[in-house]
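K.L.:
Have a look at this one before I ask anything.
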Amino acid sequence: MMDERLNLYEGKMTKAVEYLENDYAGIRAGRANPRVLDKIRVDYYGTPTPLQQVGNVTIPEARLIQIAPWEKNLIKEIEKAILASDLGINPTNNGNTIRLVFPELTEERRRDLVKDVKKKGEECKVAVRNIRRDGNDAFKKLGKADISEDEVKHLEDLLQKLTDKFIKDVDKMVEEKSQDILKV
């Protein structure tokens, strides 16, 4: 029964870290990565549709993403969606495919990206700590009704250990992504 109470908070912390992981996947580090297109939606007959569902996305070179739409009339819509996104890249097309050329990152842009990575990591750690606080509050309420003070203390200790583990994981992710971005 005690494990179920902890599992709830562990699940929430896991989701927070997974969200950060997905966020980091969309940050480009000088190489073309199709995940940067994950948040882009194309107007497909009036429905916002993920870019990957309206065309074939390939990476023929390290700094190039090529998009071949399933339907030729989507080229303009895809270009419009890319320009409206925060990618900061101008698409070019040859009538059949759209090409996204990723420029080399400048030193200043790399530093800005690292700052952004650290900020997102800090936000994730705050989310994990808030989950811990919610858990501790719930355990204290239980202590007033159902369980002994020792059991409350035990649950709080276990929750703190979980929190420490997730914070350590986030720090590791921040460090790895920062190194990846700074690597020329």
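K.L.:
Where the only charges are on Cβ atoms (+1 Lys, Arg; -1 Asp, Glu), what is the dipole of the chain about its Cα centre, to the nearest 20 debye?
P.N.:
Values: 34 positive and 34 negative charges, 108 e Å.
Roughly 520 debye for the chain.
K.L.:
Considering the options 152, 85, 75, tell which one lies farthest towards the positive end of the dipole of the chain, charges being +1 on Lys and Arg and -1 on Asp and Glu at the Cβ, about the Cα centre.
P.N.:
With unit charges placed on the Cβ atoms, the residue in question is 75.
K.L.:
At a 1.4 Å probe radius, carbon and sulfur cover how many percent of the accessible area of the chain? Write down the numbers at each step before the final one.
P.N.:
Working: 5610 of 11180 Å².
The C+S portion of the solvent-accessible surface of the chain is 50 percent.
K.L.:
How much accessible area per residue does the chain have, counting only protein heavy atoms and a probe of 1.4 Å, in square angstrom?
P.N.:
Details: 11180 Å² over 184 residues.
That works out to 61 Å² for each residue.
K.L.:
Now for a different question. With a cap of 11 neighbouring Cβ atoms within 10 Å, and only residues DSSP puts in a loop, list the GluC sites (Glu not before Pro) found in the stretch 88-143. Intermediate values should be presented prior to the final figure.
P.N.:
Working: sites: 104, 107, 108, 122, 123; in loops: 104.
Answer by residue number: 104.
K.L.:
Follow-up. How far is helix 149-182 tilted off the main Cα axis of the chain, in degrees rounded to 10, range 0 to 90?
P.N.:
Value to nearest ten degrees: 20.
K.L.:
Taking the square root of 5 times each eigenvalue of the Cα gyration tensor, what semi-axes in Å does the equivalent ellipsoid of the stretch 1-120 have, largest first? Mind showing how you got there, number by number?
P.N.:
Working: eigenvalues 207, 86, 25 Å².
Computed over the stretch 1-120, the values are 32, 21, 11 Å.
K.L.:
Considering only protein heavy atoms, what is the solvent-accessible area of residue 72 at a probe of 1.4 Å, reported in Å² to the nearest 10?
P.N.:
120 Å²
K.L.:
Oh, and also: Dividing the convex hull volume of the alpha carbon atoms of the stretch 53-184 by its residue count, what do you get in Å³ per residue? Write down the numbers at each step before the final one.
P.N.:
Values: hull volume 20.9 nm³, N = 132.
Residue-normalised Cα hull volume stands at 158 Å³.
K.L.:
Turning to a different aspect of this structure: Treat each spin label as a single point 7 Å out from the Cα along the C-beta direction, and report the residue 86 to residue 145 distance in nm.
P.N.:
In this crude label model, residue 86 to residue 145 measures out at 4.2 nm.
K.L.:
As an exercise, use a Förster radius of 30 Å and the Cβ-Cβ distance of residue 160 and residue 18 to find the FRET efficiency, rounded to the nearest 0.05.
P.N.:
Values: r = 21 Å, r/R0 = 0.71.
The calculated FRET efficiency here is 0.90.
K.L.:
Sequence-distant or interchain residues sharing an amide H contact under 5 Å with residue 42, placed H: which?
P.N.:
49, 51
K.L.:
Using heavy-atom solvent-accessible surface (probe 1.4 Å) with all chains present, what is the largest-first order of 148, 178? Walk me through the intermediate numbers first.
P.N.:
On the way: 148 55, 178 5 Å².
Correct descending sequence by accessible area is 148, 178.
K.L.:
Can you give the charge dipole size of the stretch 131-175 about its Cα centre, rounded to the nearest 20 debye, using +1 on the beta carbon of Lys and Arg and -1 on the beta carbon of Asp and Glu?
P.N.:
On the way: 10 positive and 12 negative charges, 21 e Å.
Rounded to the nearest 20 debye, it is 100 debye.
K.L.:
If the limit is 26 Å between Cα atoms, which of 140/161; 80/125; 120/165; 115/153 go over it?
P.N.:
Numbers: 140/161 17 Å; 80/125 35 Å; 120/165 18 Å; 115/153 37 Å.
Too far apart for the 26 Å limit: 80/125; 115/153.
K.L.:
Go ahead and estimate [θ] at 222 nm for the chain from helices alone: -39,500 (n - 2.57) per DSSP H run with n ≥ 4, summed, over the residue count, rounded to 500. Write down the numbers at each step before the final one.
P.N.:
Numbers: 4 runs with 107 residues, N = 184.
Here the helix-only value at 222 nm equals -21000 deg cm²/dmol.
K.L.:
How far, in degrees from 0 to 90, does helix 107-145 lean away from the longest principal axis of the Cα atoms of the chain, to the nearest 10?
P.N.:
Between the helix axis and the principal axis of the chain, the angle is about 30 degrees.
K.L.:
Taking chymotrypsin sites (Phe, Trp or Tyr not before Pro) that fall in a DSSP loop and have at most 14 other Cβ atoms within 10 Å as cut points, what is the longest piece of the chain between them? If you can, show how the numbers build up before the last one.
P.N.:
Numbers: sites that count: 45, 70.
Counting at most 14 other Cβ atoms within 10 Å as exposed, the longest clean stretch of the chain is 71-184.
K.L.:
Putting +1 on Lys and Arg Cβ atoms and -1 on Asp and Glu Cβ atoms, find which of 8, 58, 143 reaches farthest to the positive end of the dipole of the stretch 1-159.
P.N.:
Value computed over the given set: 58.
K.L.:
Sequence gap at least 6, Cα distance under 8 Å: using those rules, report the relative contact order of the chain to the nearest whole percent. Numbers along the way, then the final one.
P.N.:
Numbers: 211 pairs, mean separation 43.9, N = 184.
Contact order relative to length: 24 percent.
K.L.:
Would you mind telling me which residue in 16, 62, 32 has the biggest mean-square fluctuation in a Gaussian network model of the chain, where springs connect alpha carbons within a distance under 10 angstrom?
P.N.:
Greatest mean-square fluctuation among the candidates belongs to 62.
K.L.:
Which one, 106, 94, 163, projects farthest toward the positive side of the charge dipole computed for the chain from Cβ point charges (K/R +1, D/E -1)?
P.N.:
94
K.L.:
How far is helix 75-84 tilted, in degrees, relative to the longest principal axis of the Cα atoms in the chain, given as a value from 0 to 90 rounded to the nearest 10?
P.N.:
On a 0 to 90 degree scale, this one is about 50.
The values are calculated or read from the model by the stated rules, or taken from the named source; none is laboratory data. Bear in mind the structure is a predicted one, so any value in this text is a computation, not a measurement. Cβ sites come from the backbone with ideal geometry, for glycine too, and all protein chains shown count toward neighbours. The protein model used for the area step is the full one, side chains on, heavy atoms only, and it has no ligands, DNA or RNA in it. Shrake-Rupley method; radii C 1.70, N 1.55, O 1.52, S 1.80 Å.
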